[in-house]
1. May I ask you to verify whether residue 123 is free of Cβ contacts under 8 Å to residues at least 24 places away in the same chain and surrounded by 17 or more Cβ atoms within 10 Å (Cβ to Cβ)?
2. Hey, any hits in the range 58-72 for a residue that's under 15 Å from the mean Cα position of the chain (by Cα) and assigned to a helix (DSSP H, G or I)?
3. Identify, from the list 41, 30, 70, 23, the residue that is out of contact with any helix residue (DSSP H, G or I) (no Cβ under 6 Å at 6 or more places or on another chain), at negative phi and either surrounded by fewer than 20 Cβ atoms within 10 Å (Cβ to Cβ) or modelled with pLDDT of 95 or more (or both).
4. Of the numbered conditions (1) assigned to a helix (DSSP H, G or I); (2) modelled with pLDDT under 95, residue 90 fails exactly one; give the number of that condition.
5. Here is a list: 43, 28, 52. Which entry is out of contact with any strand residue (DSSP E or B) (no Cβ under 6 Å at 6 or more places or on another chain), more than 14 Å from residue 136 (Cβ to Cβ) and part of a helix (DSSP H, G or I)?
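The values are calculated or read from the model by the stated rules, or taken from the named source; none is laboratory data. Remember, it's a predicted structure, so these values are computed and weren't measured experimentally. Neighbour counts are summed over all protein chains in view; Cβ atoms, including those assigned to glycine, are modelled from backbone coordinates with ideal geometry.
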């Protein structure tokens, strides 16, 4: 397997015969969970996945967003999880709550990635590396925004 395809499939996760995008997103979640209380590690991973994914998607996918290209889901998922990491205490006392928020982030990210609202859909219609990577990066940013909003609403609800 060429290195570009290895990266694009996130070590083969994208080769799943059923729901490769969901499999890639789930793999990204599993890989990220040990680092959930280390936002710098997650942010670095998201940047590396985005840059490597841009290169790999362009080479392996030849400008088309094939279903087996899941490095974009990885980058978007890790961006989504940054919102969970920002609320995770260093000592992991609230590990259960962090896991729940991570699962909410996973569900929201998949929803945005599948339904492609607003700018996600605009980027998805591009047939280049920007479109391949950009739609999932924007879906990740939207998910992170939703998680932060939900967390703040929860704190407000508790205090009132």
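1. Details: free of Cβ contacts under 8 Å to residues at least 24 places away in the same chain: yes; surrounded by 17 or more Cβ atoms within 10 Å (Cβ to Cβ): yes.
Against the criterion (free of Cβ contacts under 8 Å to residues at least 24 places away in the same chain and surrounded by 17 or more Cβ atoms within 10 Å (Cβ to Cβ)), residue 123 qualifies.
2. From the range 58-72, those under 15 Å from the mean Cα position of the chain (by Cα) are 69-72; that's our starting set.
From the residues that got through so far, the ones that are assigned to a helix (DSSP H, G or I) too are 71-72.
Yes, the conditions are met somewhere in the range 58-72.
3. On the way: 41 fails: out of contact with any helix residue (DSSP H, G or I) (no Cβ under 6 Å at 6 or more places or on another chain); 70 fails: out of contact with any helix residue (DSSP H, G or I) (no Cβ under 6 Å at 6 or more places or on another chain); 23 fails: out of contact with any helix residue (DSSP H, G or I) (no Cβ under 6 Å at 6 or more places or on another chain).
That would be 30, the only listed residue that is out of contact with any helix residue (DSSP H, G or I) (no Cβ under 6 Å at 6 or more places or on another chain), at negative phi and either surrounded by fewer than 20 Cβ atoms within 10 Å (Cβ to Cβ) or modelled with pLDDT of 95 or more (or both).
4. Residue 90 satisfies every listed condition except (1).
5. Details: 28 fails: more than 14 Å from residue 136 (Cβ to Cβ); 52 fails: more than 14 Å from residue 136 (Cβ to Cβ).
Only one candidate qualifies: 43.
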